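Take a look at the structure below.
The values are calculated or read from the model by the stated rules, or taken from the named source; none is laboratory data. In this text the structure is predicted, and so the values were computed from the model without any measurement. Cβ atoms come from the backbone with ideal geometry, glycine included; neighbour counts cover every protein chain shown.
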Amino acid sequence: MLRFALVPALALCAAAVAALETPLTIASGGKVGIIDPVYGSITIYEPSATKTDRLGLGKPSANFLADIDVGLKTYIDERDGVPFQALRLGTTTSKPTYREMFLDGKWLAKDPTPREKAAGKAALQTRASRAEDAFWKANPSYDGVVRAAYSNSGRYVALVIPSLHTLLVYMMDNETATLVAMRNWGPELFMAGYNSTPSPRDFLKELKGDKLKEAEAALGIDDEKADKGADAPPPAIDAEEPPTPKSDAWVAAGTNDSFLIVDVPNQHAMLYQISGKNLTLNAVRNLAVDMVVPGLIGGSWHCEPSSEKMLEAALRGERKAKIQEYDLPSDKDELVLLVQQSAGKGKASPFEGLMNNGIATLNFVEKRAFLTLDTQNGQKLALASARDYTLDIALALLDKQIIDRGNARRLVGDAATLAKQNKLKSAFLTAKLALGLDPRLHKDAEQKMKGEFRSNAELQAQFQALIDEAAKQAEELAKQAEERKKALEEQRKAKKDAGK
């Protein structure tokens, strides 16, 4: 049976959390809510073609900053001399309650596994409790970051406070916000999974031979030492070193008044459902396994065409001819290295997500992978598909290089024509564009425009500097190509040695 000795060290990843971008202007059923992260207000409007009405003036509306402040400073329990804040425990209408999470082994194992015993580790339940103690003893506070979602029915607004691992749910009673439930999702981060399919065992069944070995190596699976019968990996967090790790989270409304929270640095998805004042944890999924496997099975799982099939189909016909003409890489592994070498200029959030009719698409931008989760009417989390889109990016890079190379060749000819017409400034600027697209053409450009700028000393000097700079860039590109080939040879040798 599978046991995972290592799932990514999320506590380390969480130490450098990049901010996500989630709108605080939310809508449902024609009504718009505006959440103010500075003043804590939750205001509802109803816009139309002719006017906008401000709703909820009948009674005082809740303020989430006030609720946080009271929750942090109100102590309602104490265990072994450790006082428990209201925000840590959450409301008693949130099921399972915080106490229930640590009551038996249903949610967090109360007995150590054989491997944990051998390593001298305490049971997961004990380690999680210690980590939670450390987190709350450090006096966490609101850091100005809040996420929001409006339920599909328009009856509830969910606010997520990543710095406090806190979910606040407000009922919109006559368009006025009233706090009905709050939950600390810290314990959920220690769960391997709950009410979620497929299990890690089923997920890996599709891998065979070398790819299964590659997945086992990536995930730290050790079958020989595994205890029989275990169906899920151990928690995504090794809680030996508290406190519970920092979070950044995304939230979206599903169907049936459900909310999906994705704790991005800790790679956990948690599905909650609200009914009246009752908030229920319906499912938890550890996304760490899902994030690794797509890259090991042709780039996708339940996603057609797979990256490998896509690449095979794409490297035919006109594209194949251009790849050969321009001596561009076409090997899968070399294309992956090409993506790794390419530094993009665009800025993107490390994570982007969207929800449509209960189907969530989770795009882990920095990891170049997206997952599709079916929330199944707010009751369960099912992984519907997964894709590592590194090769999709590689194909786009190839196409751009083909376009750039073709444009550069044409532009060098255009620049030479302009120079012969004594339109020297235009010729220089055109040559500059051409060599920016493909510096490898520096010799061709120099030959075709040799002596054309002699009547203008300033342009002649600029043109020579352009040629010299392009030559340096061409050398750098050649060096990168050589590095890719060397890395490719080392990868193949390592695979060959591993198979002996």
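Within the stretch 127-164, track down each residue that is more than 26 Å from Asn357 (Cα to Cα) and under 26 Å from the mean Cα position of the chain (by Cα).
The answer is Ala128, Ala131, Glu132, Phe135, Pro140, Ser141, Tyr142, Asp143, Gly144, Val145, Ser163, Leu164.
Note on the stretch 243-272: residues that are polar (S, T, N, Q) and surrounded by fewer than 24 Cβ atoms within 10 Å (Cβ to Cβ) total 2. Screening the stretch 167-201 for residues that are hydroxyl-bearing (Ser, Thr, Tyr) and touching a Lys or Arg at 6+ places or on another chain (Cβ under 7 Å) and picking the one that is modelled with the lowest pLDDT gives Thr176. The lone criterion from (1) within 25 Å of Leu338 (Cβ to Cβ); (2) surrounded by 14 or more Cβ atoms within 10 Å (Cβ to Cβ); (3) at pLDDT 95 or above left unmet by Thr430 is number (1).
On inspection, Asn377 fails the criterion of being in the same structural domain as Lys95 (by TED's automatic domain parsing) and not in a strand (DSSP E or B). In the stretch 57-103, of all residues being part of a loop (DSSP other than H, G, I, E, B), over 26 Å from Asn174 (Cα atoms) and within 31 Å of the chain's Cα centre (by Cα), the one that is modelled with the lowest pLDDT corresponds to Phe102.
Check the stretch 420-433 and report whether any residue there is among the small types (Gly, Ala, Ser) and within 27 Å of Gly254 (Cβ to Cβ).
Taking every residue of the stretch 420-433 in turn, none turns out to be among the small types (Gly, Ala, Ser) and within 27 Å of Gly254 (Cβ to Cβ).
For the stretch 202-216, indicate whether the set of residues that are modelled with pLDDT of 80 or more, farther than 21 Å from Gly71 by Cβ, charged (D, E, K, R) and over 21 Å from the mean Cα position of the chain (by Cα) is non-empty. Taking every residue of the stretch 202-216 in turn, at least one turns out to be modelled with pLDDT of 80 or more, farther than 21 Å from Gly71 by Cβ, charged (D, E, K, R) and over 21 Å from the mean Cα position of the chain (by Cα).
Hey, among the residues in the stretch 134-167 that are under 15 Å from Lys246 (Cα atoms) and among the small types (Gly, Ala, Ser), which one's surrounded by the fewest Cβ atoms within 10 Å (Cβ to Cβ)? Checked the stretch 134-167; the qualifying residue surrounded by the fewest Cβ atoms within 10 Å (Cβ to Cβ) is Gly144. Of all residues in the stretch 89-101, those that are surrounded by fewer than 20 Cβ atoms within 10 Å (Cβ to Cβ) and either in contact with a Lys or Arg (Cβ under 7 Å, 6 or more places away or on another chain) or touching a residue at least 12 places away in the same chain (Cβ under 8 Å) (or both) total 3. Here the condition is being at negative phi, in a helix (DSSP H, G or I), without any contact (Cβ under 8 Å) to a residue 24 or more places away in the chain and basic (Lys, Arg); of Lys110, Lys106, Lys117, it holds for Lys117 alone.
Select from the stretch 36-88 the residues that are of a type in the set (Gly, Ala, Ser) and under 19 Å from Tyr150 (Cα atoms) and write down the one among them that is surrounded by the fewest Cβ atoms within 10 Å (Cβ to Cβ).
For the stretch 36-88, the residue satisfying everything is Ser48.
I'd like to check something: does the stretch 414-425 contain any residue that is touching an Asp or Glu at 6+ places or on another chain (Cβ under 6 Å) and buried (at least 21 other Cβ atoms within 10 Å of the Cβ)? Scanning the stretch 414-425 turns up at least one residue that is touching an Asp or Glu at 6+ places or on another chain (Cβ under 6 Å) and buried (at least 21 other Cβ atoms within 10 Å of the Cβ).
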